[in-house]
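In what follows, a single structure is set out as structure tokens and then discussed.
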Amino acid sequence: MLKAVILIGGPQKGTRFRPLSLDIPKPLFPVAGLPLVQHLIEACLAIEGLKEILLIGFYSSSQIQPFANEMQHQYNVTIKYLQEFIALGTAGGLYHFRDQIRFGNPEAFFVINGDVCSDFPLAELYTFHKEQMVNEKALVTIMGTEATRHQSLNYGCIVTNKETNEVTHYVEKPSSYVSTLINCGVYVFSPEIFQTIGAVNLKQQEHYRNGYSNGTKEAGYIQLEQEILAPLAGSGQIFALPVTNWWSQLKTAGSAIYANRHYLQLYKTKHPERLYNSSGAGGETCMIYPDVHIDRTAHIHPSAVLGPNVSIGPGVTIGAGVRIRESIVLSDATIEDHSLVLHSIIGRGSHVGRWARVEGTPSDPDPNKPFAKMENRPLFNKDGRLNPSITILGCSVSVPAETILLNSVVLPNKELSRSIKNEIIL
Amino acid sequence: MVEGKRALILVGGYGTRLRPLTLSRPKPLVEFANKPILLHQIEALVDAGVTEVILAVSYRAKQMEEELTIEATKLGVNIIYSHETEPLGTAGPIALAKEHLSKSTKPFFVLNSDIICDFPFRELAKFHEDHGKEGTIVVTKVEEPSKYGVVVYDKTNCIQSFIEKPQEFISNKINAGLYILNPSVINRIDLKPTSIEKEVFPNMASDKQLYAFELKGFWMDVGQPKDFLTGMCLYLTHLRETNSQKLYKGPGVVGNVIVDPTATIGNNCQIGPNVTIGPGVVIEDGVCIKRSTILRGATICSNSWLESCIVGWKCHVGRWVRMEGSTVLGEDVIVKDETYINGGQVLPHKNIATSVPEPQIIM
């Protein structure tokens, strides 16, 4: 039996995802029509023998529990939300819920960071881990991917024995180059890992008893990368499997469009029914440049032109002669006639008047550099100017007819009255 | 035979201020409200009994001659071309045309070619005759006199002085670029580059030989794109008051719009206020155009939005294009689908494939 743990974080985390995370927890933000974390759940469910998924985070139960219930109902497996009440770090959180995780005696369990987007090769990862478990020494296998030398510094860097894939050295976000193989935030753990975490926990307690302060950290706070993975390196119990699958993190709002494109692409092989197919739909249909996802409850005027890389949420209304490209339109938004939406996210219940132009600047990884990842640039550059990014409308924003909204971010519930360029509107 | 009146139009230079349009056509032939600027003036002159128009030209006279000859024949007016071989300023051309202008003792009109207004030539001639002095300048009231030549005159309208581009407010009456002069004025001008405003008029004023005629109604120097569009709005408003049957009526039209009968407009468009659409123009479905001029043979594709633009002859503007901010497209420019142009000045025959979000000249 196998289990999966998805670490979804909490409202204090994911602030770079604002304003999209202001009215919806980031794990529930829809990418390619599905909440971000549902893509992870689906990847886990594809694993044979996987019986239970635990979501661990510190969102209030009311924010996540209804979603967990719905998922359990939809997929007919046990899906639980375990709420942390104090921040214990990644390993501390796992250790806190160790009885839940070990219950039923799983052979191993997956741990996935909630903001990872990928076509998760989880079966491959588990097969590899199982092979290493034969001699009962493998505690963890990390999914690894290649990064550029420059970008590797933003990630956990892994040095391996190329023949055995054993991790010989691990540094989290080093200040100088260590390795271009980076930690994807996707793991398989053997249940015995809890002895290792337990030992670290015990050591911390002893330390505290001997009069050393714990600082501002909560008792039992243990970071997975620095306190567990790094010390395990070289012990022969930790492995990293390099994979070449698509992988990205959803840190900034700007990366949502990139993730959307890749998840739509994956639908082509895994869920073609989720892509809009004009030949399948009856009557007059709009013009589509694939890939496009349209919720069944959305109303699209037949003269609209959508795609590529567009997701349209439930209850959305798209008027005559509208053009949408490289964008996400969230539930119940309205785009009036003749408007153009490019490289933008239109928030829930927002309204774009006719002949408006909502446009952002694409922020994809550098296509000319192999293994380049999303840049996740800060909002402002060194000169204090807004870095051009995708345009984002928070929920219930109203854009007047005939205006232009360029490279801007508008916080929720704002009624704009003029054109806006390169601004953040509070 | 009754001797007709004469007029001199200062056509002059290259029209650089109205580039990129004037790279394809001499400025006087650029259509303002679907008619060459010069024709607005010639028609008004003919209406006032002018039978001979002297055009002081220095540049691309050939193209102008070819096109104007047909119109002149229609109007029954004799057009004489007075060629400057070197730029002679605003007064020199009068001396150059001496032969034509001094044929008769009657006064003649002089016009700057960029002026659009409700030309009051009859009233002007009457006023001039009544005061009996050598010259009359038409003056008009403007909001910002500091960019023009201000005219100061007394209660009898006798001009006292001129102040070119005053820094401090002196008066809001400016030289409108329309004059009526007696042939005797020619003797005040030498055949060399001379400014009528700076050299000839001040002398006439000190001799108390110059009067001001106050213009009623609209006036605009349409020599540059921004003013061209402002002038178009004023002209269309004037047309509404005086000749409203010339305005276009049809579905989706808002305010004052003129559309050439050979142009076509698609469904669900919003055209106006203040739009002129030239011959053979094609406006596809779902287009919104405000405060713009679309010249002959241009195509605006569906769902585009234009405000304060001049779209040159035979341009092709793609779908979902947004253009604003006094954007001027030269002849035969192609603007690709979904691009945004703000204050772009695009030279002829260019292909615009990426957005121009800030004002820029595209060579």
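The values are calculated or read from the model by the stated rules, or taken from the named source; none is laboratory data. What you are looking at is a predicted structure, and each value in this text was computed from that prediction instead of being measured. Cβ atoms come from the backbone with ideal geometry, glycine included; neighbour counts cover every protein chain shown. Just so you know, the surface numbers come from the protein's heavy atoms only, side chains and all, with ligands and any DNA or RNA stripped out. Shrake-Rupley method; radii C 1.70, N 1.55, O 1.52, S 1.80 Å.
Reported count of residues in region A:308-342, each being on the phi > 0 side of the Ramachandran plot and in contact (Cβ under 8 Å) with a residue 24 or more places away in the chain, is 2. The residues of region A:189-220 that are among the β-branched types (V, I, T) and farther than 15 Å from A:R98 by Cα amount to a single one, A:T216. Just one residue in the set B:L23, B:L8, B:L55 is open to solvent by 10 Å² or more (accessible area, probe 1.4 Å) and over 21 Å from B:Y235 (Cβ atoms); that residue is B:L23. Every test in (1) open to solvent by 50 Å² or more (accessible area, probe 1.4 Å); (2) without any contact (Cβ under 8 Å) to a residue 60 or more places away in the chain is passed by B:G272 save one, and that test is (1). The requirement of being farther than 22 Å from A:L55 by Cα and either open to solvent by 60 Å² or more (accessible area, probe 1.4 Å) or assigned by TED's automatic domain parsing to the domain that holds A:P25 (or both) is not satisfied by A:E107.
Residue check: B:E358 meets all listed conditions (1) within 14 Å of chain A (Cβ to nearest Cβ); (2) modelled with pLDDT under 95; (3) open to solvent by less than 50 Å² (accessible area, probe 1.4 Å) but one, namely (3).
Please give the strands (runs of 3 or more DSSP E) falling wholly within region B:222-303 in which 2 or more residues are away from chain A (no Cβ under 14 Å).
It comes to B:257-259, B:275-277, B:292-294.
Quick check, is A:Y289 open to solvent by 50 Å² or more (accessible area, probe 1.4 Å) and either more than 14 Å from chain B (Cβ to nearest Cβ) or on the phi > 0 side of the Ramachandran plot (or both)? Answer is no for this residue. Within region A:332-359, the set of residues being closer than 23 Å to A:F17 by Cβ, crowded, with 24+ Cβ neighbours inside 10 Å and at the interface with chain B (Cβ under 9 Å from one of its Cβ atoms) comprises just one member, A:E359.
Counting only residues that are more than 16 Å from B:E199 (Cα to Cα), crowded, with 20+ Cβ neighbours inside 10 Å and of a type in the set (G, A, S), region B:134-180 holds 1 of them. Going through (1) within 14 Å of chain B (Cβ to nearest Cβ); (2) in a strand (DSSP E or B); (3) modelled with pLDDT under 95 one by one, A:S248 falls short only on (1). Using beta carbons and a limit of 8 Å, which pairs, at least six apart or on different chains, have the first residue in region A:223-237 and without any contact (Cβ under 8 Å) to a residue 60 or more places away in the chain and the second one outside any loop (DSSP other than H, G, I, E, B) and among the acidic types (D, E)? Listed by first residue and then by second, the contacts come to A:Q226/A:E172.
Being among the aromatic types (F, W, Y) and within 12 Å of chain A (Cβ to nearest Cβ) is a property that B:W313 lacks. Restricting region A:410-426 to residues that are within 14 Å of chain B (Cβ to nearest Cβ) and closer than 19 Å to A:R385 by Cβ leaves a set whose member that is farthest from the chain's Cα centre (by Cα) is A:S419. Might you check whether a residue that is surrounded by 17 or more Cβ atoms within 10 Å (Cβ to Cβ), in contact (Cβ under 8 Å) with a residue 60 or more places away in the chain, assigned by TED's automatic domain parsing to the domain that holds A:S118 and of a type in the set (S, T, Y) occurs anywhere in region A:177-187? For region A:177-187, residues surrounded by 17 or more Cβ atoms within 10 Å (Cβ to Cβ), in contact (Cβ under 8 Å) with a residue 60 or more places away in the chain, assigned by TED's automatic domain parsing to the domain that holds A:S118 and of a type in the set (S, T, Y): present.
Conditions tested, residue by residue: (1) surrounded by fewer than 24 Cβ atoms within 10 Å (Cβ to Cβ); (2) out of contact with any Lys or Arg (no Cβ under 9 Å at 6 or more places or on another chain).
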position: B:G280; (1), (2): yes, no
position: B:C288; (1), (2): no, no
position: B:S308; (1), (2): yes, no
position: B:G325; (1), (2): yes, yes
position: B:L329; (1), (2): no, no
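For region B:316-328, residues that are within 21 Å of B:V222 (Cβ to Cβ) and either within 14 Å of chain A (Cβ to nearest Cβ) or not in a loop (DSSP other than H, G, I, E, B) (or both) total 5. Got at least one residue in region B:338-349 being among the small types (G, A, S), in contact (Cβ under 8 Å) with a residue 12 or more places away in the chain and more than 23 Å from A:A320 (Cβ to Cβ)? Scanning region B:338-349 turns up at least one residue that is among the small types (G, A, S), in contact (Cβ under 8 Å) with a residue 12 or more places away in the chain and more than 23 Å from A:A320 (Cβ to Cβ).
Please verify whether B:H40 is buried (at least 17 other Cβ atoms within 10 Å of the Cβ) and over 16 Å from B:G4 (Cβ atoms), treating the condition exactly as stated. Spelling it out, B:H40 is indeed buried (at least 17 other Cβ atoms within 10 Å of the Cβ) and over 16 Å from B:G4 (Cβ atoms). Checked against the criterion of being on the phi < 0 side of the Ramachandran plot, over 25 Å from the mean Cα position of the chain (by Cα) and not in a loop (DSSP other than H, G, I, E, B), region A:261-282 contains not a single residue that satisfies it. Every condition in (1) in a strand (DSSP E or B); (2) closer than 29 Å to A:Q205 by Cβ; (3) open to solvent by less than 30 Å² (accessible area, probe 1.4 Å) is met by A:T145 except one, and the failing one is (2). Can you list the helices (runs of 4 or more DSSP H) lying wholly within region A:1-96 that have 1 or more residues being farther than 21 Å from A:S190 by Cα and out of contact with any helix residue (DSSP H, G or I) (no Cβ under 7 Å at 6 or more places or on another chain)? Correct list: A:36-45, A:61-75. In this structure, A:P302 does not qualify as open to solvent by 10 Å² or more (accessible area, probe 1.4 Å), over 18 Å from A:R357 (Cα atoms), in a loop (DSSP other than H, G, I, E, B) and away from chain B (no Cβ under 14 Å). Residue by residue through region B:15-51, note down the ones that are closer than 26 Å to B:E99 by Cα and more than 14 Å from the chain's Cα centre (by Cα). B:L45, B:V46, B:D47, B:A48, B:G49, B:V50, B:T51, listed by residue number.
Go through region A:305-331 and count every residue that is of a type in the set (S, T, N, Q) and surrounded by fewer than 24 Cβ atoms within 10 Å (Cβ to Cβ). So the answer is 2.
Among the residues of region A:283-331, those identified as over 25 Å from the mean Cα position of the chain (by Cα) and among the charged types (D, E, K, R) are A:E284, A:R323. Annotation: of all residues in region A:53-66 being touching a strand residue (DSSP E or B) at 6+ places or on another chain (Cβ under 8 Å) and surrounded by fewer than 21 Cβ atoms within 10 Å (Cβ to Cβ), the one that is nearest to A:I112 (Cα to Cα) is A:F58. Inside region A:388-409, residues that are open to solvent by 20 Å² or more (accessible area, probe 1.4 Å), out of contact with any Gly (no Cβ under 7 Å at 6 or more places or on another chain) and away from chain B (no Cβ under 13 Å) make up a count of 1. If I filter region B:249-269 for residues that are within 27 Å of the chain's Cα centre (by Cα), touching a residue at least 40 places away in the same chain (Cβ under 8 Å) and closer than 22 Å to B:H238 by Cβ, do I get at least one hit? Scanning region B:249-269 turns up at least one residue that is within 27 Å of the chain's Cα centre (by Cα), touching a residue at least 40 places away in the same chain (Cβ under 8 Å) and closer than 22 Å to B:H238 by Cβ.
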